[in-house]
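Visitor: Before anything else, here's the structure in question.
The values are calculated or read from the model by the stated rules, or taken from the named source; none is laboratory data. In this text the structure is predicted, and so the values were computed from the model without any measurement. All Cβ positions, glycine included, derive from the backbone under ideal geometry; neighbour counts span all protein chains shown.
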Amino acid sequence: MMKSVEQKTLALNGNEAVAYAVKQSDVDVVAAYPITPQTIIVERFSEYVANGEVETAFVCTESEHSALTACLAASLTGARTFTASASAGLALMHEMLFVTSGCRAPVVMAIANRALSAPINIHGDQSDTMAQRDSGWIQIYAENAQEVYDSIIQAFRIAEHPDVLLPAMVCLDGFQLSHSVENVNVLPDEVVKKFVGVRQYPMVLTHEGKMVPLKLDPENPMTMGPLAFPNYYFEFKRQQEEAMKVALRVIREVHDEYAKISGRSYGDGLLDSYFLEDAEIAIVCLGSTAGTVKTVVDELRAEGIKAGLLRMRTFRPLPVDGIKKVLGHVKAVAVMDKSMSFGGFGGAVFHEVRHALYDLDKKPFVVNYIYGLGGRDTSPMQIRGIYNDLQEILAKGRVETPVKYVGLRE
C-alpha cells in the first residue's frame, strides 16, 4: 500500500512511541502514576507538557487507582483522556476498570505488559491484562513500536465512537517493546489531529425533557454510574456487550481509514494472518512474539512445510467469526499463552480460541503452550519445536498432552 502522506522516521522505543502518539492526539487530560516498565510513557509526556508542546492538563496522582479515577471523571465531562500502567498498577485499578467501562467513559490507556507478583518480577508477560479481560475494556496487542504508535492514535477514534463509548487499552510487551528502540514512521501533527478529530457525543433525553450531549454539565444535570437495582443493572451490562459487538466493526473501519493515510495495515485490524491461506499447521499468539514466529515460518516454508501464523491484534472484543474463518481449514493449531489461568486447564487465549473453533463441523487439533512467564526468552528453536509437535500430532491423529510449557525447568 502506497503512503499517501509524507512521514518522518524517528528512533523511538515503544514507550516513547506511545507518548508521541498521545502528544499528537489533542488529549485534554493525562493522569498517571509511574510503574516499571511504563514510566517512560508518562515521563516523556510530562516533558511535552513542561515544554509547552501540548495544552494537556497533567495530573500526578498518589496511585494508579486515583489516576484512573481522575481520567474517568475528566472523560465524563467530555474531555479526551489518557493514562498508562502495568502489572500491579493495573491490578490496583481493578475496581475502577469496571467503573470506567460501566460509565461508558472512552478512556485510552497504554499497558506495558509485566508479570504480576509474587514473587516480584518487573519483566514482561501478559498476566496483567489477561487478568482484566472481562473488565469491559477493548484490548489491542501490538507487535512492534510502529504498531504501538499507530494503535494509540486509532484507539482514541475507536473508544470515542458514539456507537462504542468503551475504554480501550493498547498493550505492548514490557521491555521487548517498551524499552527497545526501533524506527517509527510518524505522521505530521496536523494529520493526526484531523484523524482523531473532535470528540462527538450521543444525544440523550434528560429528566427535564431536553435532548443534550451525553456528558456531565451543570447546565444540563444528569447522573452517571448511578445505583442500579436488579430491575435495571442487567440491561446496563447487556448494553456494554452490544457496544463490544459494534466495536468489531468500528475497529476495522478505523484501521482501514488509517491505513489509507499512513500506508500501514495490520491484517483487518482484528486479526493479522501470515501464510495461513494454505497452512496445515499454525501458531496463534499475541504481541511481539509474532515477529519471532514469522522468522520460523519463513524457514519452514523454505523447507516445504505448510506452516502459518495467526496474530490476534484484538483480543477484546474477541473476533470469533474471523478466528473460525482463518483457522477452520488448518489441521493442527498451537495457541501460545504468555500468562496462566491457574487451575483452568490452559491459558486464556487457548480457552478463547478453542471455544471459538468448537462448533465447526471439521475443527483442527488445538494444543496450548504456556511460555515466557516473568520475561523468560523464547527462542526460534523453541518455536520450531512447537511446529514439530504439531506435525507429530497430525501423524498420530490425536493430542496426547493438551497443555504444555515452553522453556520450563521441570
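Visitor: Can you tell me which residue in the stretch 140-150 is surrounded by the most Cβ atoms within 10 Å (Cβ to Cβ), limited to those that are assigned to a helix (DSSP H, G or I) and either in contact with a Phe, Trp or Tyr (Cβ under 6 Å, 6 or more places away or on another chain) or not hydrophobic (A, V, I, L, M, F, W, C) (or both)?
Guide: TYR149
Visitor: I need the full set of residues from the stretch 302-322 which are surrounded by fewer than 21 Cβ atoms within 10 Å (Cβ to Cβ), touching a residue at least 24 places away in the same chain (Cβ under 8 Å) and of a type in the set (A, V, I, L, M, F, W, C), in order please.
Guide: ILE305, LEU318, VAL320
Visitor: Restricting to the stretch 5-52, and then to whatever is among the charged types (D, E, K, R) and surrounded by fewer than 16 Cβ atoms within 10 Å (Cβ to Cβ), can you tell me which residue is nearest to ASN121 (Cα to Cα)?
Guide: GLU43
Visitor: Residues in the stretch 222-231: is at least one aromatic (Phe, Trp, Tyr) and within 24 Å of the chain's Cα centre (by Cα)?
Guide: No; the residues of the stretch 222-231 include none that is aromatic (Phe, Trp, Tyr) and within 24 Å of the chain's Cα centre (by Cα).
Visitor: Related question: When the residues of the stretch 225-244 are filtered to those that are of a type in the set (A, V, I, L, M) and farther than 16 Å from ALA159 by Cβ, which remaining residue is surrounded by the most Cβ atoms within 10 Å (Cβ to Cβ)?
Guide: Filtering the stretch 225-244 for residues that are of a type in the set (A, V, I, L, M) and farther than 16 Å from ALA159 by Cβ, the one surrounded by the most Cβ atoms within 10 Å (Cβ to Cβ) comes out as ALA228.
Visitor: Exactly one condition in (1) polar (S, T, N, Q); (2) buried (at least 19 other Cβ atoms within 10 Å of the Cβ); (3) more than 19 Å from GLN154 (Cβ to Cβ) is false for THR61; which is it?
Guide: Every condition holds for THR61 apart from (2).
Visitor: Hey, another quick one. From (1) over 19 Å from the mean Cα position of the chain (by Cα); (2) over 15 Å from GLN38 (Cβ atoms), pick out the condition that doesn't hold for ILE122.
Guide: For ILE122, the exception is condition (2).
Visitor: Oh, and also: Picking from ALA159, ALA142, ALA168, which residue would you name as being in contact with a Cys (Cβ under 8 Å, 6 or more places away or on another chain), closer than 21 Å to VAL42 by Cα, among the aliphatic types (A, V, I, L, M) and touching a residue at least 40 places away in the same chain (Cβ under 8 Å)?
Guide: Going through ALA159, ALA142, ALA168 in turn, just one is in contact with a Cys (Cβ under 8 Å, 6 or more places away or on another chain), closer than 21 Å to VAL42 by Cα, among the aliphatic types (A, V, I, L, M) and touching a residue at least 40 places away in the same chain (Cβ under 8 Å): ALA142.
Results for (1) touching a Gly at 6+ places or on another chain (Cβ under 7 Å); (2) assigned by TED's automatic domain parsing to the domain that holds LYS363; (3) at pLDDT 95 or above, shown as yes or no for each residue.
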{"site": "ARG252", "(1), (2), (3)": "yes, no, yes"}
{"site": "LEU276", "(1), (2), (3)": "yes, yes, yes"}
{"site": "ALA307", "(1), (2), (3)": "no, yes, yes"}
{"site": "MET312", "(1), (2), (3)": "no, yes, yes"}
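Matching residues to (1) within 20 Å of ILE40 (Cα to Cα); (2) within 16 Å of the chain's Cα centre (by Cα); (3) in a loop (DSSP other than H, G, I, E, B); (4) of a type in the set (A, V, I, L, M, F, W, C):
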position	(1), (2), (3), (4)
THR69	no, no, no, no
ALA88	yes, no, no, yes
GLU95	no, no, no, no
PHE98	no, no, no, yes
SER101	no, yes, no, no
ASP134	no, yes, yes, no
ILE152	yes, yes, no, yes
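Visitor: State yes or no: is ASP256 at pLDDT 95 or above, out of contact with any Pro (no Cβ under 8 Å at 6 or more places or on another chain) and not assigned by TED's automatic domain parsing to the domain that holds THR378?
Guide: The answer is yes for ASP256.
Visitor: Please verify whether the stretch 165-178 includes one or more residues that are touching a Ser or Thr at 6+ places or on another chain (Cβ under 6 Å), of a type in the set (A, V, I, L, M, F, W, C) and surrounded by fewer than 24 Cβ atoms within 10 Å (Cβ to Cβ).
Guide: So far as the stretch 165-178 goes, no, none of its residues is touching a Ser or Thr at 6+ places or on another chain (Cβ under 6 Å), of a type in the set (A, V, I, L, M, F, W, C) and surrounded by fewer than 24 Cβ atoms within 10 Å (Cβ to Cβ).
Visitor: Follow-up. Being over 20 Å from the mean Cα position of the chain (by Cα) and at pLDDT 95 or above is the requirement here; does PHE82 meet it?
Guide: Answer is no for this residue.
Visitor: Sticking with this structure for a sec: Of everything in the stretch 260-293, what is part of a strand (DSSP E or B) and under 20 Å from the mean Cα position of the chain (by Cα)? Give them in sequence order.
Guide: If the condition is that a residue be part of a strand (DSSP E or B) and under 20 Å from the mean Cα position of the chain (by Cα), then LEU271, ASP272, SER273, TYR274, ILE283, VAL284, CYS285 are the ones that fit.
Visitor: In the stretch 179-240, which strands (runs of 3 or more DSSP E) lie fully inside it and hold 1 or more residues that are free of Cβ contacts under 8 Å to residues at least 60 places away in the same chain?
Guide: The qualifying strands (runs of 3 or more DSSP E) are 203-205, 211-213.
Visitor: Still on this model: Restricting the search to the stretch 245-268, which residues are touching a strand residue (DSSP E or B) at 6+ places or on another chain (Cβ under 7 Å) and either surrounded by fewer than 20 Cβ atoms within 10 Å (Cβ to Cβ) or on the phi > 0 side of the Ramachandran plot (or both)?
Guide: Answer for the stretch 245-268, where residues must be touching a strand residue (DSSP E or B) at 6+ places or on another chain (Cβ under 7 Å) and either surrounded by fewer than 20 Cβ atoms within 10 Å (Cβ to Cβ) or on the phi > 0 side of the Ramachandran plot (or both): just GLY267.
Visitor: Step by step: first the residues of the stretch 38-67, then only those that are among the aliphatic types (A, V, I, L, M) and outside any helix (DSSP H, G or I), then the one that is nearest to PRO202 (Cα to Cα). Which residue is that?
Guide: ALA57
Visitor: While we're here: Of the residues that sit in the stretch 71-86 and are hydrophobic (A, V, I, L, M, F, W, C) and not in a loop (DSSP other than H, G, I, E, B), which one is farthest from GLY174 (Cα to Cα)?
Guide: Filtering the stretch 71-86 for residues that are hydrophobic (A, V, I, L, M, F, W, C) and not in a loop (DSSP other than H, G, I, E, B), the one farthest from GLY174 (Cα to Cα) comes out as LEU76.
Visitor: Which members of the stretch 384-406 meet the condition of being in contact (Cβ under 8 Å) with a residue 12 or more places away in the chain, within 16 Å of LYS306 (Cβ to Cβ) and among the hydrophobic types (A, V, I, L, M, F, W, C)?
Guide: Selection gives ILE386, LEU390, ILE393, LEU394.
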